[in-house]
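Only one structure is covered here, and it is reproduced in the block below.
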Amino acid sequence: MFSFFNSLIVLLAILRVKVFGTGLLIYLPWASVGFFIEMYFELILNPVLINIWGVIGWCLFGLLTGLSADLSYWYLRKKTSLKEKYTASITAMIMSLVFFILNVIASIFFYKNGMANLNFSPSTFLGNAYFGIPWMIINSLFGGYVAYNLNKDLTKNS
């Protein structure tokens with residue numbers, strides 16, 4: 001369900017503002033406020049990250065997720081003849097896939113027992129990917145489509 005709400009928020013902002021960098025800006029609190037939260041919980045309180053670079057990496061990965069939404073939206077809008085609703089939906093899906101891939105990379109390289117996270121047993125993050133990825137794609141596509149329709153209604157009523 002996170003993919004739906006994430007896609008809805010980011011794509012609605014991109015569609016409303018129509019300025020490159022909006023997706024990155026949406027993720028700026030992830031990087032700024034999240035830095036201190038991540039550092040406290042996973043480096044100080046429960047030291048599972050390799051070092052401070054794991055915290056910085058998590059923050060940068062958030063910004064990369066927002067940037068992936070910006071890049072994919074503007075690329076699809078300028079280089080294809082897709083309708084806006086398809087552009088929004090595909091952008092949301094790409095952003096969610098980037099988010100998933102970056103989470104996998106972070107869980108492997110930023111944690112002390114990172115290589116153990118490559119386990120595909122049912123109790124792990126990757127072990128549930130067979131169900132999680134299709135569910136994430138469907139939710140993100142729907143979130144992008146809902147963002148498109150909300151933007152269309154807001155534009156019509158203003």
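The values are calculated or read from the model by the stated rules, or taken from the named source; none is laboratory data. Treat the numbers as computed from the prediction; the structure is a model and nothing was measured. Cβ sites come from the backbone with ideal geometry, for glycine too, and all protein chains shown count toward neighbours.
Details
- Hey, residue 91 closer than 24 Å to residue 15 by Cβ, at pLDDT below 90, out of contact with any strand residue (DSSP E or B) (no Cβ under 9 Å at 6 or more places or on another chain) and not charged (D, E, K, R) or not: no
- A residue that is more than 13 Å from residue 92 (Cα to Cα), without any contact (Cβ under 8 Å) to a residue 60 or more places away in the chain and surrounded by 14 or more Cβ atoms within 10 Å (Cβ to Cβ) occurs nowhere in segment 141-150.
- Single match in 45, 25 (criterion: surrounded by 14 or more Cβ atoms within 10 Å (Cβ to Cβ) and modelled with pLDDT of 95 or more): 25
- Scope segment 107-135; condition in a loop (DSSP other than H, G, I, E, B) and within 25 Å of residue 47 (Cβ to Cβ); matching residues: 110, 112, 113, 119, 121, 123, 124, 125
- Given (1) part of a loop (DSSP other than H, G, I, E, B); (2) farther than 30 Å from residue 131 by Cβ; (3) of a type in the set (A, V, I, L, M), number of the condition residue 82 does not satisfy: (2)
- Candidate set: segment 65-82, residues that are surrounded by fewer than 20 Cβ atoms within 10 Å (Cβ to Cβ) and within 17 Å of the chain's Cα centre (by Cα); chosen: the one nearest to residue 116 (Cα to Cα): 67
- Residue list for segment 22-64, restricted to those being in a helix (DSSP H, G or I), free of Cβ contacts under 8 Å to residues at least 60 places away in the same chain and over 28 Å from residue 116 (Cα atoms): 22, 24, 25, 26, 28, 29, 32, 33
- Residue within segment 112-134 that is at pLDDT 90 or above, surrounded by 13 or more Cβ atoms within 10 Å (Cβ to Cβ), of a type in the set (A, V, I, L, M) and farther than 25 Å from residue 56 by Cα present: yes
- Of everything in segment 1-21 that is in a helix (DSSP H, G or I), over 12 Å from the mean Cα position of the chain (by Cα) and not charged (D, E, K, R), the residue that is surrounded by the fewest Cβ atoms within 10 Å (Cβ to Cβ) is 17.
- Among the residues making up segment 83-99, a single one is surrounded by 19 or more Cβ atoms within 10 Å (Cβ to Cβ) and of a type in the set (Phe, Trp, Tyr): 99.
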